[in-house]
Structure formats: structure tokens, C-alpha cells
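The values are calculated or read from the model by the stated rules, or taken from the named source; none is laboratory data. Because the structure is a prediction, the values reported are computed rather than measured. Because the Cβ atoms are built from the backbone with ideal geometry, glycine has one as well, and the counts that use them run over all protein chains shown. Note: accessible area is taken over every heavy atom of the protein model, side chains too, but ligands, DNA and RNA are not part of it. Shrake-Rupley method; radii C 1.70, N 1.55, O 1.52, S 1.80 Å.
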Amino acid sequence: MMPTFNPRGDIVLVDHISVTAGLINVGDVVIARSIQNPQHVVCKRVLGMEGDYVELAPPLKAGSCRRVKVPQGHVWLQGDNYYNSTDSRHYGPVPYAVLRGRVVVKVWPPWEFGWVKNKRPHVPTHIY
């Protein structure tokens, strides 16, 4: 999730109510159970909600774009470090049920203390 978070050592506050209440939106940073290893958790940004179409640019301008519709009950997760992230581009849309919470505040390191903003990273992915 660089540059939003450091590779190690960040401490964040997580809101668990937003997931339960269905208040997660595109651009939110979430904590989720890993699809590849359910014993681990991952931190990713939501780039698509159910019903959205996500258009993925081909890696390194090779090939053509592909368009994916996020199915009902799923979200599309991507890391902010587009070129170095294992995310929905690799394993597809993930069930909403694996979301554990929305990251709201970064508390450590202290010089980076602040709200975690809901935004769309500058990546070659388009949401429709």
C-alpha cells in the first residue's frame, strides 16, 4: 500500500462498524482476510463495488485492456502501489464478507499521524 503506508511498522485505527453497516465506498482503505491465505490479513483500497465495471490497463502497455464486472456481494481491491501489489487483478473480485474494517486513522509513526483519506489512487484502472 505504499506510498499510503510503509512496508512495516505502521499502526492504524480501524472502524469495524462501516463494514457491518454496509458503509464501505470506492476509495476506502480496508482490512480484509487474504484470499490467498485466510490466516493473514491484507490492507487494500476498494476500487469497485458490486455492479461496477473495472477496466484494467494491460501491464507495461502490452496487449489490450480487459473489463471486469464486480459481481453481487463482492468488491474489487487494489493496492496503492499499482506495479507491486498482489490484489484483485491477480485473484479477481473478493467477497464483501472477507472485509474486516475500514482504516480511518494512521497513528504510527507519529510524524505521519492523520486521517486516511478516501481517494482513488493514480493508477491505470478505470471504474464505470
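The charge dipole of the stretch 18-121, taken about the Cα centre with unit charges on the Cβ atoms of Lys, Arg (+1) and Asp, Glu (-1), comes to about 100 debye, rounded to the nearest 20.
Taking every alpha-carbon pair under 8 Å whose residues sit at least 6 apart, the chain reaches a relative contact order of 34 percent.
Among the lysines of the chain, pairs at least eight places apart or on separate chains and with Cα atoms under 19 Å apart come to 6.
Ligands, DNA and RNA left out, the accessible area of the chain computed with a 1.4 Å probe is 57% carbon and sulfur. Normalised Debye scattering of the stretch 3-42 at q = 0.23, 0.24, 0.32 Å⁻¹ gives log10 I(q)/I(0) of -1.01, -1.07, -1.14, counting only Cα atoms as equal scatterers and leaving out solvent. In units of the compact-protein estimate 2.2 N^0.38 Å, the chain shows a Cα radius of gyration of 1.03. Looking at the chain, the accessible area is 60 square angstrom per residue; that uses a 1.4 Å probe and ignores ligands, DNA and RNA.
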